[in-house]
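For reference, the structure discussed in these notes is given below.
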């Protein structure tokens, strides 16, 4: 486990873009955790962050001053009837997994979402074989509500997606 004194969870800033992009692109290029297939440029990552940050929590976890991971919430769907539901996203640097950082980040994100006026539900869409993320979400009280078989294709493989939900 990470020592509390060495961990700092805070709102993301534009200065975090290089680290966030590096962490995310590791998953894009080397795993099925993200269904993107090409690396994202830093300017595109900044654009994506700027869409989310004014209205929703976007957090980074630092360990000894290094960005160890990040998470954020964003609208789940565009239709007005879904406006009370947010989707959550979390990525950790591989060097910092298995130390409780993901749990602490998500706990802070959930608290931030609870504080948003009208936020009622959180949804996490996870590649089914990403057991670490599924287990994290179950530990946080999310329940699996769906399984979509073979809906994504990456690295010449068909992939299942599971949705987890937490009612606030």
Spot the failing condition for residue 48; the list is (1) assigned to a helix (DSSP H, G or I); (2) under 11 Å from the mean Cα position of the chain (by Cα), and only one is missed.
(2)
For the range 34-59, what are the residues that are crowded, with 18+ Cβ neighbours inside 10 Å and touching a strand residue (DSSP E or B) at 6+ places or on another chain (Cβ under 7 Å)?
49, 56, 57, 58, 59
Is it the case that some residue within the range 128-137 is part of a loop (DSSP other than H, G, I, E, B), within 18 Å of residue 32 (Cβ to Cβ) and touching a strand residue (DSSP E or B) at 6+ places or on another chain (Cβ under 6 Å)?
yes
Scanning the range 60-77 for residues that are in contact with a helix residue (DSSP H, G or I) (Cβ under 8 Å, 6 or more places away or on another chain) and surrounded by fewer than 15 Cβ atoms within 10 Å (Cβ to Cβ) gives 64, 66
With the checklist (1) over 17 Å from residue 18 (Cα atoms); (2) free of Cβ contacts under 8 Å to residues at least 40 places away in the same chain; (3) in contact with a helix residue (DSSP H, G or I) (Cβ under 8 Å, 6 or more places away or on another chain) in hand, flag the one item residue 30 doesn't pass.
(3)
Subset tally (residues that are at negative phi, assigned to a loop (DSSP other than H, G, I, E, B) and either in contact with a strand residue (DSSP E or B) (Cβ under 6 Å, 6 or more places away or on another chain) or in contact (Cβ under 8 Å) with a residue 12 or more places away in the chain (or both)) for the range 75-118
7
Report every pair of residues separated by at least 6 positions or lying on different chains whose Cβ atoms are under 6 Å apart, first residue within the range 135-151 and free of Cβ contacts under 8 Å to residues at least 60 places away in the same chain, second assigned to a helix (DSSP H, G or I) and surrounded by 13 or more Cβ atoms within 10 Å (Cβ to Cβ).
136/102; 140/106
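Every number in this text was worked out from the coordinates using simple rules, so none of it is lab data. Only a predicted model underlies this, so the values are computations on that prediction, with no experimental measurement involved. As a convention, Cβ positions derive from the backbone with ideal geometry for all residues, glycine included, and neighbour counts pool all protein chains shown.
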